[in-house]
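Let me begin by presenting the structure, written as structure tokens, before commenting on it.
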Amino acid sequence: MLVLTFSTGIVDAVGYLGLDRVFTANMTGNVVILGMALTGAEDLPVLGPVLALVGFLLGALVVGRVLRRAATGWTTATTVVLAVVGLALGALAAVTATLAGVPVEQGSTPPAAALLVTTVLGLVMGAQAAAARRLAVKDVTTVVVTSTLTGLAADSRLAGGTGEGWRRRLGAVVLIGAGAAVGAALLRWEIGAGLALAGLITVVVALLGHWRAR
């Protein structure tokens, strides 16, 4: 789950910097962007964040239903879901490499193809988030670290707590930031490169998780 958190940082960097300031995994960011845009803030996207939100919810809904009857812990269904997410990211990497107008220039209207990529990215990240939620690794949702930071501070020894789980929590925060840095660096070379790396990472995680579970 920590490795998937790193991968999420890559995907969100690609979405924010390459797809007109849209978060495709961190939906909190999209809700905030929409709130500011709908109250008159200039040059903020509306359609992209809405499509990412819809895609994310749909992906989480479908996978939540698929995994509802699965056994607790890592199952074959978990492997299949994460493998599909990884393959979808790889396919999107190939698609974006052929699209004109991607990356989207700030202030310009995103082409329909870029909006479609945004929607599908939201969908696959929603699927990943639902699979991670089912696995229930404490403080590691793979798509957001706000609650992780809260736990890191509130349960620390400075706050009178035991500090339990601080390595895992700190690791999630550092890894999503490192992933974002890698995604931003790869975007300077090719927008599909970050998505290809994220897809490869996700497929490897799926295979290793399946092997460990067996």
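The values are calculated or read from the model by the stated rules, or taken from the named source; none is laboratory data. Treat the numbers as computed from the prediction; the structure is a model and nothing was measured. Positions of Cβ are generated from backbone atoms using ideal geometry, with glycine treated the same way; all protein chains shown enter the neighbour counts. Ligands, DNA and RNA are excluded from the accessible area calculation, which covers all protein heavy atoms including side chains. Shrake-Rupley method; radii C 1.70, N 1.55, O 1.52, S 1.80 Å.
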Roughly what angle does helix 47-67 make with the longest principal axis of the chain, taking Cα atoms, 0 to 90 degrees, to the nearest 10? 40 degrees
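Specify whether the C-alpha gyration tensor of the stretch 69-184 places it in the rounded, prolate or oblate class, a ≥ b ≥ c being the square roots of the eigenvalues: rounded for a/c under 1.5, otherwise prolate if a/b is larger than b/c and oblate if not.
Details: a/c = 3.10, a/b = 1.56, b/c = 1.99.
Oblate, since a/c reaches 1.5 and b/c is not below a/b.
Pull out the extension gain between Ala136 and Val3, defined as 0.36 nm times the separation in residues minus the alpha carbon to alpha carbon distance; nm, one decimal. Before the final figure, lay out each step's value.
Details: separation 133, 0.36 × 133 = 47.88 nm, distance 1.50 nm.
Extending this stretch completely gives an extra 46.4 nm.
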Along the stretch 153-158, Karplus-curve 3J(HN,Hα) (6.51, -1.76, 1.60; θ = phi - 60°) to the nearest Hz, with x for Gly and Pro, reads 7, 5, 9, 6, 5, 5
Please give the FRET efficiency for Leu87 paired with Glu42, using the beta carbon to beta carbon distance and R0 = 30 Å, rounded to the nearest 0.05. 0.20
Rounded to the nearest 10 degrees, the helix 166-187 long axis (Cα) sits at an angle to the longest Cα principal axis of the chain of 20 degrees
Could you go through the stretch 83-92 in sequence order and give the Karplus-derived ³J(HN,Hα) for each residue, using 6.51 cos²θ - 1.76 cosθ + 1.60 with θ = phi - 60°, rounded to whole Hz, and x for Gly and Pro? 5, 5, 4, x, 5, 5, 4, x, 5, 5
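Where Lys and Arg each count +1 and Asp and Glu each count -1, what net charge lies around Thr162 among other residues with Cβ under 15 Å from its Cβ? All intermediate terms of the calculation are to be shown ahead of the outcome.
Numbers: positive: Lys138, Arg157, Arg167, Arg168, Arg169; negative: Asp139, Asp155, Glu164.
Cβ neighbours under 15 Å give a net charge of +2.
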If I take R0 = 35 Å and measure r between the Cβ atoms of Val173 and Thr109 in this structure, what FRET efficiency does the formula 1/(1 + (r/R0)^6) give, to the nearest 0.05? 0.50
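If you take every residue apart from Leu44 with its C-beta less than 14 Å away from the C-beta of Leu44, what net charge results, scoring Lys and Arg +1 and Asp and Glu -1? Provide the component values of the computation, followed by the final result.
Working: positive: Arg21; negative: Asp20, Glu42, Asp43.
Net charge around Leu44: -2.
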Roll a 1.4 Å probe over the protein chains and send me the accessible area per residue for the stretch 38-161 in Å². 54 Å²
Summing -39500 (n - 2.57) over every DSSP H run of at least 4 residues in the chain and dividing by its residue count gives a helix-only mean residue ellipticity at 222 nm, to the nearest 500 deg cm²/dmol, of -23500 deg cm²/dmol
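Quick check: at a probe of 1.4 Å, how many percent of the accessible area of the chain sits on carbon and sulfur atoms? Mind showing how you got there, number by number?
Working: 7230 of 10860 Å².
Whole-percent figure for carbon plus sulfur exposure: 67.
Can you give the FRET efficiency to the nearest 0.05 for Val204 and Ala181, using r as the Cβ-Cβ distance and R₀ = 35 Å? Working shown, then result.
Values: r = 20 Å, r/R0 = 0.58.
Rounded to the nearest 0.05, the efficiency is 0.95.
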Given C-alpha coordinates of the chain, what is the ratio Rg to Rh with the Kirkwood estimate of Rh? 0.98
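Where Lys and Arg each count +1 and Asp and Glu each count -1, what net charge lies around Gly171 among other residues with Cβ under 13 Å from its Cβ? Could the numbers behind the result be given before it?
On the way: positive: Lys138, Arg167, Arg168, Arg169; negative: Asp139.
Overall, the nearby charge balance is +3.
Indicate the gyration tensor shape class of the stretch 35-98 (rounded, prolate or oblate), computed on the Cα atoms with a ≥ b ≥ c the square roots of the eigenvalues: a/c under 1.5 is rounded; otherwise a/b larger than b/c is prolate and the rest oblate. Intermediate values should be presented prior to the final figure.
Numbers: a/c = 4.36, a/b = 1.70, b/c = 2.57.
Taking the square roots of the gyration eigenvalues as a ≥ b ≥ c, the stretch 35-98 is oblate.
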